[in-house]
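Please read the structure below before turning to the comments.
Since every read-out is calculated from the coordinates, none of them should be taken as a lab result. On a predicted model such as this, the values are computed, not experimentally measured, just so you know. Cβ atoms come from the backbone with ideal geometry, glycine included; neighbour counts cover every protein chain shown.
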Amino acid sequence: MMFVMSFTLLAQEHFPKNDGVSNENTNYTAFTNAKIFVTPTQIIDNGTLLIKDGKVVSTGTSVTIPKNAVVVDLSGKSIYPSFIDIYSDFGVEKPKRPQGGGRSPQYDSNREGFYWNDHVRPEQNAIEHFKFDGKSAGDLRKAGFGVVNTHLQDGIVRGTGSLVALLDSGNDADRILDSRSAQYLSFSKSVKSNQSYPTSLMGSMALLRQLHNDANWYAKGYSKSKDRAIEAYNANKNLVQIFDAGSRVNVLRVDKVGDEINTQFVIVGGGDEYERIDNVKATNAKLILPLDFPDAYDVSDPFLASVLDISSMREWNQKPANPKIVADNNIPFAFTMHKLKGSKDFSDNLMKAIDYGLDKTKALEALTTVPASILGKSNSLGSLKNGAYANFLITSGDVFNKNTTLYENWIKGSKHVLESMDVKDISGDYTFTVGGNTYDMSISGSPSKPKASVKSGDKELGTKVSYDNDWLNLAFTSTDDSKQEFFRLVSRVTDNPNLSGKIIFPNGNESSVFLQKSNKEADNKSDEMASGKDKEMSKDIVPITYPNNAYGFKTLPKQETILFKNATVWTNENDGILENTDVLIRDGKIAQIGQNLNAGGAKVIDAKGKHLTAGIIDEHSHIAASSINEAGQNSSAEVTIEDVVVADDIDIYRNLAGGVTSIQILHGSANPIGGRSAIIKLKWGEDASNLIYKNTPKFIKFALGENVKQSNWQSFSRFPQSRMGVEQLYVDYFTRAQEYDKAKKSGKPYRKDTEMEVIAEILNKERYISCHSYVQSEINMLMKVAEKFDFNINTFTHILEGYKVADKMKEHGVGGSTFSDWWAYKYEVNDAIPYNAAIMHNQGVVTAINSDDAEMSRRLNQEAAKSVKYGGVSEEDAWKFVTLNPAKLLHIDNRVGSLKVGKDADVVLWSGHPMSIYSKAEKTIIEGVTYFDLERDKQIRNDIKKERSELIAQMMEAKNKGLKTKPIEKKEKQHLHCDSE
Amino acid sequence: MKLYNYLHILFAVCCLNSFAQQTPANKQTEAFTIVGATAHIGNGTVIDNSVLIVEDGKISVCADARTTKVPYKGTVIQADGKHIYPGFIAPNTTLGLQEIGAVRATNDTREIGTMNPHIRSLIAYNAESKVVESMRPNGVLIGQITPRGGRISGTSSIVQFDAWNWEDAAIKVDDGIHLNWPNSFSRGRWWLGEPSGLTPNKNYATQVDELNSFISNSKAYLNGSQDTKNLQFSAMNGLFNGSQKLFIHADDEKAITDAIAFTNKHGIKEVVIVGGYEAYKVAELLKKNTIGVLARRSHTTPEREDDDYDYPYKLAKLLVDQGVLVGLENSGSMERANARNLPFQAGTVAAHGLDKEEALKLITSNTAKILGLDKQLGTLETGKDATLFISEGDALDMRTNILTHAFINGREISLDTHQTNLWKRYSNKYKSN
């Protein structure tokens, strides 16, 4: 039901008119006696709203109503500014991926005259793709929206959006408020091109940074060719920049990129900001929040339910509280319908957020003033201040109450009726008599769409009702079930509470009828309230932990002063292995090692019969990262794993349980020149930025062999396809980096190129290479290339044929970080032998044993022990393979890798000999903080059981209340390896 | 296939054959006696100072040297301070069916089709595999060579690891049929726009029904005249006459419960559960039906985020504690090369609570029982095959798993491998420098 009063629209004054006389309407409309929310905080009781020409003229309690005003009495009703969604794709169809395309990756772009990467599309303007969609507009108006900012949701840089008023009448001239209202961005590629790069999140981040450099270069006029994408990007620079992050962790990533390119993005979040709200707050970004709260899982099958993790169940339990938590932390945010199916979901979830404690004023701000201010349109949108667009809602009361009726949604002074204000509420119970039988009729539901039931005695009759324009039509079955026959009743509703009309019998006879309304109205209402309440869930929100999964900390553990008494201490220093020795750690450092140390105020741990060692260091890990390979190019020096560290990865906890304290997260081996590493400490519970080592030497991954020449899958178009090509690729990049560095140092203008900067750091000995390598020829080759460019390779990782060239490695000064015993998985590891570590070590190469595997990394003590078996390495030296030697290779041995006074207190207490198969880590401590403790782990197992039952019971309750549920999903842990994409 | 690739693989294959494998040892002709070692019998007991005599490929004496005085026979191997173990058994392995993971030409692990009981691993088993040879220095001397893929993968055979060819290698031909029980969860067909995650398998009932139908048809066929030969149905015969075991690869509680009901319904007597990640939850049912479990490798990560970090480490212990017969298997990523770590997988179970000698049973006597080999293998008891080895120390701990001698049916086998050869070759290179 919708009436549109087009006369309030402004005619386009310069358009000729041939279909009649001029009919300009200069009348006012005055809405009187309403509760008016001029802004969420400026509220007028019993006031008047005066509008003209689609704008607010004035509001207040003493507004003078001009004579040429149409007056609408809104006694008992409320007026709110209508809602704004600034993250919408209204009227802009999402492009579809073109069919076809080869299986071999595409490395080049489809376009000419644009940026080299097809996923950068700043030249897209939503307005060119916009087609008003009446149906969606109707749905949006139903949810209370008056204006949306729409855009093309495709690509990394997506171009400009348009601000559209959701007017049903008129045309786009009336609807488009701003055709270039914001620029939109995301980390996701365009579907319009199959160009490979970027294949990873870190690639998307690098691309945005490089685009910024290139745009600056272009703006200064240095570019030799025309680039329409960059021109558009530069032209869009001063617009509001809205970035779809989609999750809490990505909000932080977006902000990080923003800081580097001097842009404060407005960020579309994921609704999971509550998990680490302090970090989100620290971005100072304004957020746009979706309201897509998950449905409960259908846990009625206990077998299936057993696969659910606490983290997924908590998501359901906690997420509706996100808006409240964001609001309580004073982070400005707007709401969006993005990710929701329609107005019903939006309204339901908005109410849910309020049920979970979101302040109503904040909710209203999130839908009005905040989005308006984000777009810089506070004067014209989001409020009913004088001069603003007359965009407002007329409601029966509090807009955030479930029982409130939304009557009208006015946009630019044009009325859209959602629910007629004139509808007479006929709900209640009636009695009438027809043909000697007495019937009871009950009417309930919304005033304009009532539901009816008719009973004769206790017998419920089939009933159908419609109610339109004051006419009630009712049909009900006769009491005789054996017949298919109906009574039909019509009545014109008047102000009299009783109804009268006529009834048509099944046989066609008619008679008049009188329906007596009973006085039990009040009782009915309270019944309804009660049944409404039934649907409400108990809101027992389980505590958030850091990270927010089963093994997270409720409060982060603190640094302690600890004295280990009478341990067997593996110093990894000249002292060797000390029996019955005390170790004191204080202020995160190793303070004292000796006999009979004084405890002072330290916590004393009896370590008799136990072994204390430095924490294990894994030179080659791929845990705790959301992507590992940027496989879109043969060199990806511009990407860095530091961008994609995942602090919440359960593998961090499991590694701690295996005594691991530091790891290098390496880029994968897809490219000869890979990406930069993240060297982190496994500080479980901290956020990603606190894990990363500060002020340590920088690393980059290189790779050789089958992976980089793409031998084991269908890809034949990328250089290099042979080891011969690999050499030339290095020579090429190093030569170009030399030239780049020369240009940079010359003081003349140069085009800033992150990839070249990083490679030049290698040449300048400011960055070390850890190179994935297998066969002797390629190992030898890379050393020779490095020598030609006057630097050294720091580490060969995997290095399975290192034993064949150990003498050359020693001479070059490179270390080797190898697998203990892996082989036979590829042709190039045919000659891999478990004696490799021993031979390299015996030749004087600094040798480490690494994992490259989330499973093996938690047993690196066992892997070190294999060097005793294979090649007879002494236990003391073998232990260094997983502690001191990787520390040396990573140039962090000044801080970690041995037990020495002054070094970081990164220690592990083992139940026995650290390389015995029968030992396990009892405590794993980093900088004096106990991150893994076998005792705590035991406690957590009980807590998990309790919390699981609690959450499952809550989900059962949800299902029993008739709330929507979804099927169980089994989460899969993706373990990343070198070859992972 | 492009010529280039073809040549590449041809080259690979030629190379593999260009290195000679270790020559299999000759049949035992003379008795020998091992004296002074700690004998880990494999049934839970240990003899600290043992005497063990081997004649005609069999153990004729294994006793406590301090209490039993027997005359030594043949060569005497003085093994004071050393340890003797029965040869370790690697069940459910693809050893010898593929040489190099990434080289397709070397892959003989799986066949196309769904119901493949007629597919036999034995004839593809490469007795000269360099990977198989690398098992021996770690004490892994026997394997159940098992095909992969399909609903019914095929028929396995049990071999020993010192042989000229597959006939030579075979200990038990066509010992069992392997069935991959339908998954409780299935992946969305993403190419049809469904979410790609794992959701409850809607076709579970249909898939179980297909199995029921296949079994019923096999039985009906075998009861009939068999005029028109059906290879698939006839390959099922051993399951019904009890000569073959049915190895059901199943992990979750529901699947195992359903699988057991299925075997009972069809009167399949000899059943083993392989994997059994949740088997401890149905321990009573397993015991009642005398079904053993080949538990999933302990060197793996927990399947679910909430699982105990050491869950895979202690899975076998949870079963042993409840009286279930359990062995360890090592299928999964890089399963062939890593099969030599089987002893350390057992050691890891011991680290997480199982008695060491009980842990040893997981790769010796328990596995022998599960595979139906316990009359001849799995312990150092009189009358059993002399398939055993001597280690410098505890063979479940990598530091001390250092073999000095290994025997298969009394034949002293070489402990050299492609890998030890390269080790010696390059050690010598540097020595001479």
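Between A:LYS237 and A:LYS784, what length comes free when the chain is fully extended (0.36 nm per residue of separation minus the Cα-Cα distance, one decimal in nm)? Spell out each step's value before the answer.
On the way: separation 547, 0.36 × 547 = 196.92 nm, distance 4.64 nm.
Length gained between A:LYS237 and A:LYS784: 192.3 nm.
In nanometres, what is the gap between the two model label sites at B:ASN289 and B:ASP80, each 7 Å from Cα along Cα-to-Cβ?
According to this spin-label approximation, the distance is 5.4 nm.
Before anything else, pin down the relative contact order of region A:744-822: Cα pairs under 8 Å, at least 6 apart, normalised by residue count, whole percent.
Result for region A:744-822 is 26 percent.
How high is the FRET efficiency from A:LYS946 to A:LYS339, r the C-beta distance, R0 45 Å, rounded to 0.05? If you can, show how the numbers build up before the last one.
Details: r = 32 Å, r/R0 = 0.72.
Efficiency for this residue pair is about 0.90.
Taking loop as defined by DSSP and a crowding limit of 10 other beta carbons within 10 Å, which trypsin sites (Lys or Arg not before Pro) in region A:413-520 fit?
Working: sites: A:LYS415, A:LYS424, A:LYS451, A:LYS455, A:LYS459, A:LYS464, A:LYS483, A:ARG488, A:ARG492, A:LYS502, A:LYS517, A:LYS520; in loops: A:LYS415, A:LYS424, A:LYS483, A:LYS520.
For trypsin sites (Lys or Arg not before Pro) across region A:413-520 that sit outside H, G, I, E and B with at most 10 neighbouring Cβ atoms in 10 Å, the list reads A:LYS483.
Pull up all non-local amide H partners of A:TYR28: gap of 5 or more, or a different chain, and H-to-H distance under 5 Å with H placed in the peptide plane.
Sorted by chain and number, the residues that satisfy this are A:ALA69, A:VAL70.
Once you've got the Cα coordinates, tell me which of A:LYS319/A:LYS377; A:LYS189/A:LYS220; A:LYS362/A:LYS539; A:LYS135/A:LYS385 are over 23 Å apart. Walk me through the intermediate numbers first.
Numbers: A:LYS319/A:LYS377 30 Å; A:LYS189/A:LYS220 28 Å; A:LYS362/A:LYS539 21 Å; A:LYS135/A:LYS385 30 Å.
The pairs that break the limit, which is 23 Å between Cα atoms, are A:LYS319/A:LYS377; A:LYS189/A:LYS220; A:LYS135/A:LYS385.
Using the Karplus curve 6.51 cos²θ - 1.76 cosθ + 1.60 with θ = phi - 60°, work out ³J(HN,Hα) for each residue of region B:351-363 in order, rounded to whole Hz, and write x for Gly and Pro.
Couplings: 4, 10, x, 8, 4, 4, 6, 5, 4, 4, 4, 4, 10 Hz.
Which residues' amide hydrogens lie under 5 Å from the amide hydrogen of B:VAL274, considering only partners 5 or more residues apart or on another chain, with H built in the peptide plane?
Counting only residues 5 or more places away or on other chains, the set is B:ILE248, B:HIS249, B:ALA250, B:LEU294.
In region A:61-96, whose amide N lies under 20 Å from the spot 7 Å out along Cα-to-Cβ of A:SER188? List them in ranges.
A:85-96
Calculate, for A:ASN386 and A:SER62, the FRET efficiency according to 1/(1 + (r/R0)^6) with r their C-beta to C-beta distance and R0 25 Å; round to the nearest 0.05.
Between A:ASN386 and A:SER62 the formula returns 0.95.
Among rounded, prolate and oblate, which fits the protein assembly as shown when a ≥ b ≥ c are the square roots of the eigenvalues of its C-alpha gyration tensor, a/c under 1.5 means rounded, and a/b larger than b/c means prolate?
prolate
Between A:ALA282 and A:VAL71, how many nm apart are label points set 7 Å from Cα along the C-beta direction?
6.0
Do the alpha carbons of any pairs in A:LYS701/A:LYS973; A:LYS339/A:LYS424; A:LYS701/A:LYS810 sit beyond 30 Å of each other, and which pairs?
A:LYS339/A:LYS424
Got a sec? How would A:ASP648, A:ASP295, A:ASP852 order by Cβ neighbour count within 10 Å, fewest to most? Intermediate values should be presented prior to the final figure.
On the way: A:ASP648 21, A:ASP295 14, A:ASP852 24.
In increasing order of surrounding Cβ atoms, one gets A:ASP295, A:ASP648, A:ASP852.
May I ask you to sort A:HIS812, A:HIS667, A:HIS975, A:HIS611 by Cβ crowding, counting other Cβ atoms within 10 Å and putting the fewest first?
On the way: A:HIS812 19, A:HIS667 33, A:HIS975 14, A:HIS611 22.
Fewest-to-most Cβ neighbours within 10 Å comes out as A:HIS975, A:HIS812, A:HIS611, A:HIS667.
Expressed as a rounded percentage, what relative contact order does chain A have, with Cα pairs under 8 Å and six or more residues apart?
11
What's the exposure ranking of A:TYR774, A:TYR222, A:TYR184, A:TYR467, going from fewest to most Cβ atoms within 10 Å?
A:TYR222, A:TYR467, A:TYR774, A:TYR184
Normalised by the number of residues in chain B, what is the relative contact order in percent for Cα pairs under 8 Å and 6+ residues apart?
Contact order relative to length: 19 percent.
Would you kindly state how much longer the chain becomes between A:ASP422 and A:PHE505 on full extension, computed as 0.36 nm times their sequence separation minus their alpha carbon distance, in nm to one decimal?
26.8 nm
From the helices alone, meaning DSSP H stretches of at least four residues, give me the mean residue ellipticity at 222 nm for chain B, per-run term -39500 (n - 2.57), in deg cm²/dmol to the nearest 500.
Working: 13 runs with 121 residues, N = 433.
Rounded to the nearest 500, the figure is -8000 deg cm²/dmol.
Could you work out how much longer the chain between A:ASN262 and A:ASN764 gets when fully extended? Use 0.36 nm per residue separation minus the Cα distance between them, nm to one decimal.
Net length gain for the segment: 177.9 nm.
Calculated from DSSP H runs of 4 or more alone, at -39500 (n - 2.57) each and per residue, what is the 222 nm mean residue ellipticity of chain A, nearest 500?
-7500 deg cm²/dmol
Measure off 7 Å from each Cα along the Cα-to-Cβ vector at A:GLU935 and B:ASN217, then give the distance between these two points in nanometres to one decimal.
It is 6.3 nm.
Less than 20 Å from a label point 7 Å out along the Cα-to-Cβ axis of A:GLU460: which backbone N atoms in region A:501-517 qualify, by residue?
Backbone N within reach: none found.
For an R0 of 22 angstrom, estimate the FRET efficiency from the Cβ-Cβ distance between A:LYS973 and B:TRP190 and round to the nearest 0.05.
0.70
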